[in-house]
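Chemist: One structure, pasted below without further comment.
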Amino acid sequence: MKVIVCKDYDDMSKKASDLVISNMMEKPQIKFGFATGSSPIGLYKNLIAAQEEGEISFKYSKSVNLDEYVGIDPNNSQSYSYFMHKNLFDHVAIKEENIHLPKAPEADEKYAIAYRKELEEFGQRDIQILGLGVNGHIAFNEPAKKLNKYASIVELDKSTIEANSRFFENEDEVPKHALSMGLAEIFDARMIIVLANGKNKHEAVKRLLNDDKISTDLPCGLLNLHPNVYLFVDEEAYNG
Ligand code: GLP
């Protein structure tokens, strides 16, 4: 894993976007796996700016997304689909038919199975963007004895519901289930770019980098097994 310690959020976003931009220049038909949450917003802003300056184009790029809450309409402002449009897709020239977003109107595995097929047809991603949960989750793969290989309907951890309640009126409004890409699918990406900032990510980052043993109780720790991971981490998340 390549660890890049950055001064702050802006520096982290800049360094990560420089890496994404250089890859896009090399391969305009790049395939992305995108993430939601506050961690990648700065990176997406920089990509939009780079497109406006004519440095890169999204015309030939394709994307899939990591996850989505169950039972939330894509037009609802809390949905990850809405997030992606607002923070990236509405501002770049990516074609609608090249955008793949998971959908699960209800907690039924058939939606997860449909997304597995969609991911398989999409093929290998060149770059997967990832954030970290405060408990070390990746996408919505929560710490557990066993982790899903493939896209599944998952139950959210209490700590995740608490952390994500900041985007909702109150904790009760946070959906209890999500459709999440599985570990084998996340790890299929050629390159994984992880973004972690802020003190509340310190514990997960510390364990990811220092734990001697790999365990499913820290899903992000499994990233140590992927051959091409870049971790962009700000000083607060790195030092605590
Ligand atoms: C959510 C998402 C993750 C994301 C994480 C971190 O639970 N499912 O994909 O990485 O939270 O979010 P944030 O970047 O807002 O800290």
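Chemist: So LYS158 ticks every box in (1) within 29 Å of ILE99 (Cα to Cα); (2) within 13 Å of the ligand (Cβ to nearest atom) but one. Which box is left unticked?
Modeler: Condition (1) is where LYS158 drops out.
Chemist: How many of the residues in the stretch 99-150 are in a helix (DSSP H, G or I), in contact with a strand residue (DSSP E or B) (Cβ under 8 Å, 6 or more places away or on another chain) and more than 16 Å from the ligand (Cβ to nearest atom)?
Modeler: Going residue by residue through the stretch 99-150, those that are in a helix (DSSP H, G or I) are 109-122.
Filter once more, so that each one left must be in contact with a strand residue (DSSP E or B) (Cβ under 8 Å, 6 or more places away or on another chain): 109, 111-112, 115, 118-119, 122.
Restricting the remaining residues to those that are more than 16 Å from the ligand (Cβ to nearest atom) gives 109, 111, 118, 122.
Adding up the residues that qualify gives 4.
Chemist: Within the stretch 1-30, count every residue that is assigned to a strand (DSSP E or B) and crowded, with 19+ Cβ neighbours inside 10 Å.
Modeler: Number of matching residues: 1.
Chemist: Quick one: GLU68 ticks every box in (1) in a loop (DSSP other than H, G, I, E, B); (2) within 16 Å of the ligand (Cβ to nearest atom); (3) at pLDDT 95 or above; (4) not aliphatic (A, V, I, L, M) except a single one, so which number is it?
Modeler: Every condition holds for GLU68 apart from (1).
Chemist: Sticking with this structure for a sec: Just wondering, is there one or more residues in the stretch 176-199 that are more than 16 Å from the chain's Cα centre (by Cα), closer than 28 Å to ILE4 by Cα and among the charged types (D, E, K, R)?
Modeler: Filtering the stretch 176-199 down to residues more than 16 Å from the chain's Cα centre (by Cα) leaves 176-177, 198-199.
After this cut, where a residue has to be closer than 28 Å to ILE4 by Cα as well, the list is 198-199.
Next, from what is left, pick out any that are among the charged types (D, E, K, R): 199.
Within the stretch 176-199, one or more residues are more than 16 Å from the chain's Cα centre (by Cα), closer than 28 Å to ILE4 by Cα and among the charged types (D, E, K, R).
Residue-wise test of (1) away from the ligand (no atom under 13 Å from the Cβ); (2) within 20 Å of TYR238 (Cβ to Cβ).
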{"site": "LYS7", "(1), (2)": "yes, yes"}
{"site": "MET25", "(1), (2)": "yes, no"}
{"site": "PRO28", "(1), (2)": "yes, no"}
{"site": "LYS31", "(1), (2)": "yes, no"}
{"site": "PRO40", "(1), (2)": "no, yes"}
{"site": "ASN46", "(1), (2)": "yes, no"}
{"site": "ALA50", "(1), (2)": "yes, no"}
{"site": "SER63", "(1), (2)": "yes, no"}
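Chemist: Identify the single condition in (1) in contact with a Phe, Trp or Tyr (Cβ under 6 Å, 6 or more places away or on another chain); (2) within 16 Å of the ligand (Cβ to nearest atom) that VAL92 does not satisfy, given that it satisfies every other one.
Modeler: Result: VAL92 passes all but (2).
Chemist: From the residues in the stretch 186-199 that are open to solvent by 20 Å² or more (accessible area, probe 1.4 Å), away from the ligand (no atom under 13 Å from the Cβ) and in contact (Cβ under 8 Å) with a residue 60 or more places away in the chain, which one is nearest to PRO143 (Cα to Cα)?
Modeler: Initially, the stretch 186-199 is screened for residues open to solvent by 20 Å² or more (accessible area, probe 1.4 Å), giving 187-188, 190, 197, 199.
Now narrow it down to the ones that are away from the ligand (no atom under 13 Å from the Cβ): 187-188, 190.
With the extra rule that they be in contact (Cβ under 8 Å) with a residue 60 or more places away in the chain, the set shrinks to 188, 190.
Working: ASP188: 20, ARG190: 24 Å.
Here the residue is ASP188.
Chemist: Within the stretch 200-215, track down each residue that is over 15 Å from HIS226 (Cβ atoms) and either open to solvent by less than 20 Å² (accessible area, probe 1.4 Å) or away from the ligand (no atom under 12 Å from the Cβ) (or both).
Modeler: HIS202, GLU203, ALA204, VAL205, LYS206, ARG207, ASN210, ASP211, ASP212, LYS213, SER215, listed by residue number.
Chemist: Something else about it: Given the residues GLU52, GLU68, which is the only one that is over 25 Å from PHE187 (Cα atoms) and either touching a strand residue (DSSP E or B) at 6+ places or on another chain (Cβ under 9 Å) or of a type in the set (D, E, K, R) (or both)?
Modeler: On the way: GLU68 fails: over 25 Å from PHE187 (Cα atoms).
Going through GLU52, GLU68 in turn, the sole match is GLU52.
Chemist: Taking the stretch 51-71, which residues are within 16 Å of the chain's Cα centre (by Cα) and either open to solvent by 30 Å² or more (accessible area, probe 1.4 Å) or of a type in the set (D, E, K, R) (or both)? Full working, then the answer.
Modeler: Within the stretch 51-71, the first condition is being within 16 Å of the chain's Cα centre (by Cα), and the residues that meet it are 62-69.
Across the stretch 51-71, the qualifying residues are LYS62, ASP67, GLU68.
Chemist: Now a separate question. Hey, among the residues in the stretch 31-50 that are under 13 Å from the mean Cα position of the chain (by Cα) and of a type in the set (A, V, I, L, M, F, W, C), which one's surrounded by the fewest Cβ atoms within 10 Å (Cβ to Cβ)? Full working, then the answer.
Modeler: Looking only at the stretch 31-50, we keep the residues that are under 13 Å from the mean Cα position of the chain (by Cα), and these are 32-41, 43-44.
Those left that are additionally of a type in the set (A, V, I, L, M, F, W, C): 32, 34-35, 41, 43.
On the way: PHE32: 25, PHE34: 25, ALA35: 27, ILE41: 17, LEU43: 26.
Filtering first and then ranking leaves ILE41.
Chemist: So, in the stretch 172-218, exactly how many residues are polar (S, T, N, Q), in contact with a Leu (Cβ under 8 Å, 6 or more places away or on another chain) and assigned to a loop (DSSP other than H, G, I, E, B)? Steps first, please.
Modeler: Filtering the stretch 172-218 down to residues polar (S, T, N, Q) leaves 180, 197, 200, 210, 215-216.
Next, from what is left, pick out any that are in contact with a Leu (Cβ under 8 Å, 6 or more places away or on another chain): 180, 216.
Narrowing further to those that are assigned to a loop (DSSP other than H, G, I, E, B): 216.
So the answer is 1.
Chemist: Output the residues belonging to the stretch 150-185 that are closer than 25 Å to ILE30 by Cβ and open to solvent by 10 Å² or more (accessible area, probe 1.4 Å).
Modeler: Keep residues of the stretch 150-185 that are closer than 25 Å to ILE30 by Cβ, which gives 150-151, 179-185.
If the condition is that a residue be closer than 25 Å to ILE30 by Cβ and open to solvent by 10 Å² or more (accessible area, probe 1.4 Å), then TYR150, LEU183, ALA184, GLU185 are the ones that fit.
Chemist: Same structure, new question: Please indicate, with yes or no, whether at least one residue in the stretch 72-82 is buried (at least 17 other Cβ atoms within 10 Å of the Cβ), among the β-branched types (Val, Ile, Thr) and touching a helix residue (DSSP H, G or I) at 6+ places or on another chain (Cβ under 6 Å).
Modeler: Scanning the stretch 72-82, I find no residue that is buried (at least 17 other Cβ atoms within 10 Å of the Cβ), among the β-branched types (Val, Ile, Thr) and touching a helix residue (DSSP H, G or I) at 6+ places or on another chain (Cβ under 6 Å), so the answer is no.
The values are calculated or read from the model by the stated rules, or taken from the named source; none is laboratory data. These numbers come from a predicted model, not from an experiment. Here Cβ is always computed from backbone atoms with ideal geometry, including for glycine, and neighbour counts include all displayed protein chains. These area figures cover heavy atoms from the full protein model, side chains too; ligands, DNA and RNA do not enter into them. Shrake-Rupley method; radii C 1.70, N 1.55, O 1.52, S 1.80 Å.
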